[in-house]
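Only one structure is covered here, and it is reproduced in the block below.
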Amino acid sequence: MHLEQLRLFAELVNHGSFTKTADALGVSKAYLSKQIKALELELNCQLLFRNTRSMRLTTAGESINQR
C-alpha cells in the first residue's frame, strides 16, 4: 500500500469532493481518481460510493479513514 495513495484518500475525505481535493493539492482529477482506484484494487475493496454529483464512504472506507 502506498502512503501517497492513503494521503490522497485522507485529503479526499477531508475535502469531500474530487474537484476540491484536486484543486487544493494541485493535481488533476484524473490523477486523483486513478490513485484512489489503485488503492481500492490493492485493498480489494470499494472505499467510496461515487457518482457525478456526490461521494460517500463505504464501511471499508470509514474503517480505513479512522486509522
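For this structure, a couple of remarks:
- Taking residues in the range 1-28 that are of a type in the set (D, E, K, R), and partners anywhere that are crowded, with 17+ Cβ neighbours inside 10 Å, the pairs with Cβ atoms closer than 8 Å and at least 6 places apart or on different chains are GLU4/GLN35; GLU11/THR21.
- Selection count, the range 29-46, where residues are under 15 Å from GLU4 (Cβ atoms) and touching a helix residue (DSSP H, G or I) at 6+ places or on another chain (Cβ under 7 Å): 6
- Considering residues of the range 45-65 that are in contact (Cβ under 8 Å) with a residue 12 or more places away in the chain and assigned to a helix (DSSP H, G or I) only, the residue least open to solvent (accessible area, probe 1.4 Å): GLY61
- When the range 11-67 is filtered for residues that are on the phi > 0 side of the Ramachandran plot and within 13 Å of the chain's Cα centre (by Cα), only GLY16 remains.
- Residues of the range 1-28 satisfying the condition of being out of contact with any helix residue (DSSP H, G or I) (no Cβ under 9 Å at 6 or more places or on another chain), in a loop (DSSP other than H, G, I, E, B) and either of a type in the set (D, E, K, R) or open to solvent by 60 Å² or more (accessible area, probe 1.4 Å) (or both): GLY26
The values are calculated or read from the model by the stated rules, or taken from the named source; none is laboratory data. The structure presented is a predicted model; accordingly, all values stated were derived computationally and were not measured. Here the Cβ is made from the backbone with ideal geometry for all residues, glycine too, and neighbour counts use every protein chain on show. In case anyone asks, the SASA skips ligands and DNA or RNA and just uses the protein heavy atoms, side chains included. Shrake-Rupley method; radii C 1.70, N 1.55, O 1.52, S 1.80 Å.
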